[in-house]
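**Student:** Mind looking over this structure? Questions follow.
The values are calculated or read from the model by the stated rules, or taken from the named source; none is laboratory data. Computed from a predicted structure; not experimentally measured. Virtual Cβ from ideal backbone geometry, glycine too; neighbours counted across all protein chains shown. Ligands, DNA and RNA are excluded from the accessible area calculation, which covers all protein heavy atoms including side chains. Shrake-Rupley method; radii C 1.70, N 1.55, O 1.52, S 1.80 Å.
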Amino acid sequence: MVSIPPMTLDAALAGRRSVRQFSARPVERTLVEEVIAAACLAPAPHHSHPWRFVIVSAEARASLAEAMGERWRQDLERDGVAEARIRRLLSRSRARLAAAPVLILAGVAGQAQRAWPDQRRQRAEDVMFGQSTGAALENLMLAAHACGLGSHWLSAPLFCPEAVRLALDLPADFQPQALIALGYPKEGLRLPPRPPLAVDEHIVER
Ligand SMILES: Cc1cc2nc3c(=O)[nH]c(=O)nc-3n(C[C@H](O)[C@H](O)[C@H](O)COP(=O)(O)O)c2cc1C
């Protein structure tokens with residue numbers, strides 16, 4: 001049963017922002033479980049519950065950062081990025097993983113996904129499960145906000161699934177989707193205001 005403090009829906013939707021600086025205050029385990037329970041209320045294809053949430057310990061983060069960083073380095077070198085910039089990027093990314101009070105790797109796993117004989121339908125099947133993870137993670141981040149926590153999304157695992165599986169000793173059917181960093185926002189943290197919304201620009205009529 002999910003027990004999230006009440007908040008109006010518009011306050012939750014508008015108030016949730018990406019928080020990338022956290023206070024040292026530890027996050028209670030019960031809150032971590034509550035926000036994961038909220039994530040699991042999301043819709044999913046084929047009436048399934050395909051999401052898995054790996055709570056990544058401080059020790060495991062070092063191997064995760066190392067493995068993802070090595071893969072990223074290969075991509076950056078292939079793109080011709082200068083060595084000094086590669087080092088800066090990798091060190092910033094490593095520091096972010098280390099600084100999150102809680103780090104959650106979200107993925108999909110299990111038997112829910114259908115196997116299709118052609119790439120077109122297989123790709124659509126994979127995207128459906130990714131979409132469902134997006135819905136679950138929005139639930140998680142909204143619930144976190146209602147609990148007074150901040151969060152932000154890190155998409156790196158999507159780009160190096162094999163490295164992530166190896167680093168965290170995850171089974172072959174685990175498809176990494178995203179990392180969520182979670183914690184109490186740094187005291188006095190000010191976030192830039194949201195850009196003005198012109199909803200008309202997002203609506204198309206046919
Ligand atoms: C699919 C997805 C991938 C994202 N990847 C990253 C990321 O790799 N690193 C990061 O700092 N933020 C990432 N974000 C967060 C966005 O940058 C952020 O949501 C956006 O700037 C809007 O700001 P807000 O969340 O405060 O409204 C991602 C968000 C989504 C939905």
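**Student:** Nearest 500 deg cm²/dmol is fine: what mean residue ellipticity at 222 nm does the chain get from its DSSP H runs of n ≥ 4 alone, each adding -39,500 (n - 2.57), divided by its residue count?
**Tutor:** The helix-only estimate for the chain comes to -15000 deg cm²/dmol at 222 nm.
**Student:** What is the extension gain from A135 to R194, computed as 0.36 nm multiplied by their sequence separation minus the C-alpha to C-alpha distance, in nm to one decimal?
**Tutor:** Working it through step by step, the gained length comes to 19.1 nm.
**Student:** Let me ask something additional. Output needed for the chain: three equivalent-ellipsoid semi-axes, defined as square roots of 5 times the C-alpha gyration tensor eigenvalues, in descending order, whole Å.
**Tutor:** 26, 24, 20
**Student:** In the stretch 73-131, what is the volume of the convex hull around the alpha carbon atoms, normalised per residue and reported in Å³?
**Tutor:** 137 Å³
**Student:** Let me ask something else. Sort R120, R96 from largest to smallest accessible area, using a 1.4 Å probe on the heavy atoms of the protein chains.
**Tutor:** Heavy-atom accessible area, descending, gives R120, R96.
**Student:** For the stretch 108-148 and the stretch 23-83, write down the distance between their C-alpha centroids in whole Å.
**Tutor:** 14 Å
**Student:** Sketch the reach of a paramagnetic label on W116 as a point 7 Å from Cα along Cα-to-Cβ, and name the residues of the stretch 164-191 whose backbone nitrogen lies under 19 Å away.
**Tutor:** Residues 175 fall inside that zone.
**Student:** Taking the highest mean first, how do the peptides 22-28, 34-40 order by number of other beta carbon atoms within 10 angstrom per residue?
**Tutor:** Order by mean packing, descending: 34-40, 22-28.
**Student:** Pairs of alpha-carbon atoms within less than 8 angstrom and 6+ residues apart define the contacts here; what relative contact order does the chain have, in percent?
**Tutor:** 36 percent
**Student:** When 1/r is averaged over all different Cα pairs and the result inverted, which Kirkwood radius in Å belongs to the stretch 1-78?
**Tutor:** It works out to 16.3 Å.
**Student:** What is the percent carbon and sulfur in the accessible area of the stretch 1-63, measuring with a 1.4 Å probe over the protein chains and ignoring ligands?
**Tutor:** Roughly 60 percent of what the probe reaches on the stretch 1-63 is carbon or sulfur.
**Student:** In nm, to one decimal, how far is the modelled label at A98 from the one at D10, with both set 7 Å along Cα→Cβ?
**Tutor:** Taking the two extended label points, one gets 4.4 nm.
**Student:** OK, next. Residues in the stretch 51-71, backbone N under 20 Å from the label point at E83 (7 Å along the Cα-to-beta-carbon vector): list them, ranges by number please.
**Tutor:** 69-71
**Student:** When the chain is fully extended, how far beyond the present Cα-Cα distance does Q74 get from S18, taking 0.36 nm per residue of separation?
**Tutor:** 17.3 nm
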